[in-house]
Amino acid sequence: MPTSQTQPRTDSAPRSGRAFTRVIRRFVRLGALEDVKRLLDRMHPADVVQTLRTLAPPERKAFTDILLAHARAGEVLADLPGAQVGELLVQVSNERIASLVARLAPDKAADLLRLLPEDRLVAILKLLDERTAATLDRLMTYGPETAGGMMTTRFLALDRHTLVGEAIARIRSEPDAEMVFYLYVVDEAMRLEGIVSLRQLVLARHDQELLEIMNAKIIRVRLDTSRGEVADVISRYNLLAVPVVDAGNVLCGIVTVDDAIDAITDETTREMYRLAGLNTEDRIGTSARESVRRRLPWMIINLATALLAAWVVSCFEASIAQVVALATFMPIVAGMGGNGATQALTVTIRGIALGEIDFSSARRAIFKEIMVGIAIGIATGVLMAGIALAWKGNAMLGLVICMAMIINLFVAGTAGAAIPLVLKWLKLDPALGSGVIVTTFTDCCGFLSFLGLGTVFLNSLK
């Protein structure tokens, strides 16, 4: 849902989020709580969210105590990460939460209520008026990762026989409606029949019916359409909003462009965190103890894969003892393979996320990354061979490292492209686990190829 366009007052308020943070931090330290309240009146909710993210824990506690009693608390809570909102709602009474959600758009209110335990949720719904409670209860039946969970029910839908003049008057009488750039045309059963843009409405004669000017070719999504697909539709067709319909084509709500942007941002963040083996709730403001609890299991898995690579190296201890130069160049081969694999992995996962790669084009994508890996392996391998020759004065050592880099970058391209596709085929998240698996492949194959070739040509390397 688009946020309020009311701009923060700038006559006496700081002009940037950083300035807000500095001033609030100073007020909190001085105990000037009334000044903090007055500053909140002048701040845009987005600036309040940014301030909360940058305050130190003691400062954040004092600031949130003031914020939760402020009239704009609901707008701020709606833009905070779920885990942080859940922690804050524990401090708020049911009556206060009911007051906050009653002033929010239905989709944002439903998102807040989903974070509450069942007993509190039931109690709060009882405190709301019957119509609001029914709307929120219905929205919460849809999964948060679906179009039904994203949509707002504040939209304008009119009968197809409505006159243009009447439609304009209706828009003026509905200040709370979302996204009035589009007007939805429905029949008596609320089945979606067409869409009229604000531009069409303004240019039409007042005595024309909506049926005459509407566009019947409608881009729509279903209630169970995934969040990512909804965002993709809005982005692909440059829409400000997309209607959400049920199986019978009944208009249930709309998803606006700002919610699509949030979905894209969240998905990008999730993929980035998963590639690094991180939980998306692990933030700068997360306590050290909680971050350790979330990161340690994944680091133990990484340790296990590192031990596997160490075992490969241990198999060639005798060769390393005879030609110490092998130990000098060994990390280069593994490191280059890891970098190449990360590049292939990133391109492939992004292609999967954007729908550019499916199983029909998987072979072409894998072959392309293999060819890129081999080409980069040849180029960097020849360069490294020259460096090894100049450094150690051994042409055979240069040849060994060149061949090992070609082999490892071939493996890097293959693994970086194939592993996420295999995980997708197994209906697993391609981003989660790909990094560890690919790194294991390139480390082990890098050490095995370089040290293995070094052992084969050991007599020439001495």
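The values are calculated or read from the model by the stated rules, or taken from the named source; none is laboratory data. These figures come from a predicted structure and were not determined experimentally. A quick note on method: Cβ atoms are made from the backbone with ideal geometry, for glycine too, and the neighbour counts reach across all protein chains shown. Ligands, DNA and RNA are stripped out before the accessible areas are found, and what is left, the full protein with its side chains, is counted by its heavy atoms. Shrake-Rupley method; radii C 1.70, N 1.55, O 1.52, S 1.80 Å.
Scan the chain and note any complete DSSP helix (H) whose C-alpha atoms cover at least 24 Å along its axis and whose Kyte-Doolittle average is 1.6 or more. Flagged H segments are 395-425. Listed by chain and number, the lysines placed with their C-alpha closer than 28 angstrom to that of K392 are K462; residues fewer than eight positions away on the same chain are left out. Across the chain, Cα pairs under 8 Å and at least six residues apart give a relative contact order of 11 percent. Across the chain, the longest piece that holds none of the GluC sites (Glu not before Pro) lying in DSSP loops with up to 12 other C-beta atoms within 10 Å covers 1-187.
For region 115-247, the relative contact order works out to 25 percent when only alpha carbon pairs closer than 8 Å and six or more residues apart are counted.
The listed residues H161, H44, once ranked by accessible area (1.4 Å probe) with the largest placed first, stand as H161, H44.
In the structure shown, do any of K61/K427; K108/K368; K126/K217; K368/K427 have a Cα-Cα gap over 32 Å, and if so which? Where the Cα-Cα span goes over 32 Å, the pairs concerned are K61/K427; K108/K368; K126/K217. Here the chain is scanned for chymotrypsin sites (Phe, Trp or Tyr not before Pro) in DSSP loops (not H, G, I, E, B) that have at most 11 other Cβ atoms within 10 Å, and the longest stretch holding none of them is 1-236. At an R0 of 30 angstrom, the distance between the Cβ atoms of W391 and A306 translates into a FRET efficiency of 0.65. Rounded to the nearest 0.05, the FRET efficiency derived from the C-beta distance between D41 and A247 at R0 = 56 Å is 0.75.
At most 11 other Cβ atoms within 10 Å and a DSSP loop assignment: could you name the trypsin sites (Lys or Arg not before Pro) in region 238-341 that fit? Here no trypsin sites (Lys or Arg not before Pro) fit, given the DSSP loop and packing criteria. Length gained on full extension, T132 to S460, computed as 0.36 nm times the residue gap minus the Cα-Cα distance: 109.9 nm.
Averaged per residue, what accessible surface does region 105-249 expose to a 1.4 Å probe, in Å²? Mind showing how you got there, number by number?
On the way: 7490 Å² over 145 residues.
For region 105-249, the solvent-accessible area averages 52 Å² per residue.
Candidate values (i) 138; (ii) 148; (iii) 211 were compared with volume of the Cα convex hull per residue in Å³ computed on the shown model; the agreeing label is (iii). Measuring from centroid to centroid over Cα atoms, what is the spacing of region 140-212 and region 39-64 in Å? Value for the Cα centre distance between the two parts: 37 Å. What net charge is computed for the residues neighbouring L409, neighbours being all others with C-beta under 15 Å from the C-beta of L409, Lys and Arg scored +1, Asp and Glu -1? Overall, the nearby charge balance is -1. Between H161 and R363, the simple label model (points 7 Å from Cα in the Cβ direction) yields a spacing of 5.9 nm. Note on A169 and A276: their simple-model spin labels are 5.8 nm apart, each label 7 Å out from Cα toward Cβ.
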